[in-house]
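First the structure, in the form of structure tokens, and then the observations on it.
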Amino acid sequence: MTGKEHIKRVIASLIACMLVTPAIWSQPPGSWTHFRGSRLDGISHEKGFPITWNDSTHIAWKIGELARGWSSPVVLDNQVWYTTASSESREMRAVCVDLATGNILHNSVVFQPEKLYRIHAVNSYATPTPAIEEGYVYVHFGRYGTACLNTTTGEKVWERTDLQCEHVQGPGSSLFIYHDKLIVHLEGTDVQPILALDKSTGKTVWMAERPVDIYAKMPEIGRKAYITPIVVNVKGRDLMISNGSGVCIAYDPDTGKEVWRVIQGEDSTISMPVEGDGLVFFYTSFVTGKEGAQYAELFAVDPDGTGDIGDTNIRWRMKAPTLQLSTPLYVDGLLYTVDTKSIFYSLDAKTGHINWSKRLIGKYNSSPIYADGLIYVSSTRGETLVFRAGPEPELIATNRLEGEIWATPALTGGAILLRTSKYLYKITRD
């Protein structure tokens, strides 16, 4: 691609963004407030992040895992929060660490249910990522409970333990703060409620259910989902994009009313939607082809519409393996994604054209993140590959730490907060 072509693509992306923009507020320096960042896009606009490291170099501090959990760390006001859960003690905890020193400030038992239900072998009881804002952190353990904690004292402000569903494979959907509401997804085989809670009290503001006309035709096992939504603004109107197992729906985040839908899928969505170039990108759950082969698809959808827009607003689609865990990354007109067969793609976001692809070694269930021209991709082998971003990404470093990496890292204040199955690391350039 020539320099002129790249400039044209960036200009086209900026024009599209005037029509469709992320509706999340700005990210203060030194913060990472949700799963995949304060804008839920996997991007930090800060600079000075490390490129190379190992267990003995560029590690500011590390903390041994107190119990199992795949939730990502969130950061605000020099505090790092994440969750853990022990299947032996049944204790579900919220842990707070001082960002500068690594000292543990809080280690609070939030829930201790009498019974634990089964989970998938690759899941944990503490997989949903918290959400944090000034003074409060919100934690979620699926059917076991949702709570708000005071970030100064670590004490519980409110809790909800009445929100139930049959996850089958354990919880997975992360929390999302939208103005005065906390958005909670609980999509099981039995019920699929999506709720907006008053973030001050925990009381239900609205609740939406997936469409009965679609889900009644699906087997129960196929109705579950583990996604985290995004909010985009389309011509001045906020839309919450929520991709369930049978249908992707744009809801009005103030009321929970459906605005549009794209129908496709038979079982389980995990990867969250992303936005860029005036489009919304998401992986569908799998479908069964004419010859019995199952596959998913990566869709690019124009979010400006109402009703069933599946026949009118899908701008491009690409076949993909089933059960996509990793969420794509959009940067400067390019869409980067690692599929469940470990193939790393660089796509033209506007057209879906494959600029480049490379098969990686290992499994990549953590989502890629971006800062300062670099893409970080972490695997369950404990490796993080660092690529220089572009139509044909260039591998510039391979880093390994002890343990497996399932959680998506956080980028903040020039440091990478990376959680393995063994430790939580703070990695810096110094």
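Just a few scattered comments:
- Qualifying residue in the range 298-318 (condition: crowded, with 22+ Cβ neighbours inside 10 Å, touching a residue at least 40 places away in the same chain (Cβ under 8 Å) and assigned to a loop (DSSP other than H, G, I, E, B)): yes
- In this entry, Y425 passes the filter for residues that are part of a strand (DSSP E or B), of a type in the set (F, W, Y), buried (at least 17 other Cβ atoms within 10 Å of the Cβ) and in contact (Cβ under 8 Å) with a residue 12 or more places away in the chain.
- Residues of the range 302-324 that are of a type in the set (A, V, I, L, M, F, W, C) and either at pLDDT 95 or above or touching a helix residue (DSSP H, G or I) at 6+ places or on another chain (Cβ under 7 Å) (or both): I309, I314, W316, M318, A320.
- Selection count where residues are closer than 12 Å to T420 by Cβ and part of a strand (DSSP E or B), scope the range 350-400: 5
- Qualifying residue in the range 44-53 (condition: in a loop (DSSP other than H, G, I, E, B), over 27 Å from T337 (Cα atoms) and of a type outside the set (S, T, Y)): no
- Filtering A16, A94 for residues that are outside any loop (DSSP other than H, G, I, E, B), at pLDDT below 95 and either crowded, with 17+ Cβ neighbours inside 10 Å or among the hydroxyl-bearing types (S, T, Y) (or both) leaves a single hit, A16.
- Counted residues, the range 39-69 - those being loosely packed, with under 14 Cβ neighbours inside 10 Å and of a type in the set (A, V, I, L, M): 0
- Residue that is surrounded by the fewest Cβ atoms within 10 Å (Cβ to Cβ) [pool: residues in the range 346-367 that are farther than 22 Å from G37 by Cα and among the polar types (S, T, N, Q)]: T351
- Complete set of residues in the range 230-253 that are without any contact (Cβ under 8 Å) to a residue 60 or more places away in the chain and either aliphatic (A, V, I, L, M) or assigned to a strand (DSSP E or B) (or both): R237, S242, N243, V247, C248, I249, A250, Y251
- For G256, the conditions (1) within 22 Å of G352 (Cβ to Cβ); (2) within 21 Å of the chain's Cα centre (by Cα); (3) in contact (Cβ under 8 Å) with a residue 60 or more places away in the chain all hold with the exception of (1).
- All conditions but one from (1) part of a strand (DSSP E or B); (2) closer than 18 Å to Y82 by Cβ apply to G403; the one that does not is (1).
- In the range 130-220, counting only strands (runs of 3 or more DSSP E) that sit wholly within it, the ones holding 1 or more residues that are crowded, with 17+ Cβ neighbours inside 10 Å, modelled with pLDDT of 95 or more and more than 19 Å from the chain's Cα centre (by Cα) span 136-140, 146-150, 156-160, 193-198, 204-209.
- Just one residue in the set Y370, Y376, Y330 is modelled with pLDDT of 95 or more, over 23 Å from L279 (Cα atoms) and surrounded by 21 or more Cβ atoms within 10 Å (Cβ to Cβ); that residue is Y376.
The values are calculated or read from the model by the stated rules, or taken from the named source; none is laboratory data. Bear in mind that the values here come from a model prediction, so they are computed numbers and not experimental data. Cβ sites come from the backbone with ideal geometry, for glycine too, and all protein chains shown count toward neighbours.
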